[in-house]
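These notes are about the structure you will find just below.
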Amino acid sequence: SAGVAAANKSTWSSFLKSIASFTGDLSSLTAPPFILSSTSLVEYSSYWAEHPSIFVAPASEPDPAKRALLVLKWFLSTLKQQYCSRNEKLGSEKKPLNPFLGELFLGKWEDDDAGATELISEQVSHHPPVTAYTIWNEKNGIRLQGYNGQKASFSVRTINVKQIGHAIYHIGAYNEDYLITLPSLHIEGLVYGAPYVELNTYTYIQSSSGYTSKISYSGKGWVSGKKNSFTATVYPEGKEKDILYSVEGQWNDAFTIRDAKTKTEIDAYSPKTSQVTPLTVAPLDQQDELESRRAWRAVAEAIGNGDMETTGTEKSKIENEQRELRKKEKEEGREWERRYFGRVETDEVFDQLAEKIGYQAEADKTGGVWRWDEAKYQSLLKDDRESGS
Ligand SMILES: CCC(=O)OC[C@H](C)CC[C@H]1O[C@H]2C[C@H]3[C@@H]4CC=C5C[C@@H](O)CC[C@]5(C)[C@H]4CC[C@]3(C)[C@H]2[C@@H]1C
């Protein structure tokens, strides 16, 4: 987009001034109307599996090194959606709605060869904002689970966001796990009123089968001089120089995969030839009252109409309800019951993989390490069956 329309120039420049001196939760920063999105952050978990066949591909690869490469390929294929889809759909990066505690987002991708891939996303913390999610495909025995929060720091020209949390990708057939660390990012283009995300430094994927993938991100002015560039390597853990596969390109576009020994190109990916599968979400009137699009419907409509007054009053309704709930919980000495996820103190799978890449979970910053709770889920399924809902 040509960035901020002239009419908004003054509001945007005063907004930029407010950023420079801001400290606190990203979500508590009031942004001008044209930068607001009517999508809640709890929906962003769906960006992890919008190509179901790529998401499940590792399950049918017998060679462990090639399996690790397919997990890296899937991770890289999610980045464009994670970090560019608002720019594509809405013209620039936007400020998502700040999920309330307990907010849910449920969906399913139906794919001819991959079968059904299901998503459950839950806002497990409001202060600080933390989203936990799981995405699983029964047919191929794949489950991804993870959680993330954001720690933002502001300067005159940009917003730096450190992601706190991680993801674990599990392949049932091989009883294999992959620890995925999350990239820090910064917002470019704020001065022009056309914000977009650039990813910082590097992240790892560490497999329990002994392979490490390292992805190095770069923006303009690096090797290719193109924005959103990266290089990645797959190597036996601890032997960073003994590269088996190398990948390079742009994470918002195409990339190529090479056998590092023979230098031959063995695979490639382009979003132009890999269509995104749309997520199926229940119609609003069949949704639980905690489900995001039903809960935020009035606010979303008001934002869509540019009606900031109604946006404000409808948002206040939700915020006041939340304050009442927190007050009641405090009086009764209890905490909001998370529906699908629980805090864990330790997780051996995570500890082993994290140790190999020297990664420390920052549980203190997200109120704990959040894990999918299968037992809770099964008992909810049983209740649903018995109540015939
Ligand atoms: C709050 C200030 C403001 O509105 O500034 C205007 C700009 C829109 C920049 C701030 C917002 O930018 C958004 C980008 C969002 C991240 C995008 C993708 C992901 C990946 C996903 O897996 C987890 C969430 C995460 C990290 C989003 C977090 C929230 C971000 C940074 C939004 C900023 C409020």
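The values are calculated or read from the model by the stated rules, or taken from the named source; none is laboratory data. Fair warning: this is a prediction, and the values are worked out from it, not measured in the lab. When we count neighbours, we look across all protein chains shown, and the Cβ atoms used for this are built from the backbone with ideal geometry, even at glycine. Areas reflect the complete protein model, heavy atoms only, side chains present, ligands, DNA and RNA absent. Shrake-Rupley method; radii C 1.70, N 1.55, O 1.52, S 1.80 Å.
Here are the numbers:
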item	result
Cα-projected label distance for T346 with R326, points at 7 Å along beta-carbon direction, nm	3.3
Cα-centre dipole for the chain with unit charges at Cβ (Lys and Arg positive, Asp and Glu negative), debye to 20	1460
Full-stretch length increase - K272, E374 - with 0.36 nm per residue and alpha-carbon distance subtracted	33.1 nm
Percent accessible area from carbon and sulfur atoms, the chain, protein chains only, probe 1.4 Å	52
Heavy-atom surface of the chain, accessible at 1.4 Å and reported per residue (Å²)	47
Gain upon complete extension [S18, A254; 0.36 nm per residue less C-alpha separation]	81.3 nm
Normalised alpha carbon radius of gyration of the chain [divisor 2.2 N^0.38 Å]	1.00
Viscosity 1.306 mPa s, 10 °C: Kirkwood-radius Stokes-Einstein D of the stretch 143-249 over Cα pairs, µm²/s	103
Theoretical ellipticity at 222 nm over the chain - DSSP helices of four or more residues, -39500 (n - 2.57) apiece, nearest 500	-8500 deg cm²/dmol
At R0 = 30 Å, FRET efficiency that the Cβ-Cβ distance of S316 and E362 yields, to 0.05	0.40
Reciprocal of mean inverse Cα separation for the stretch 138-188 (Kirkwood radius, Å)	12.9
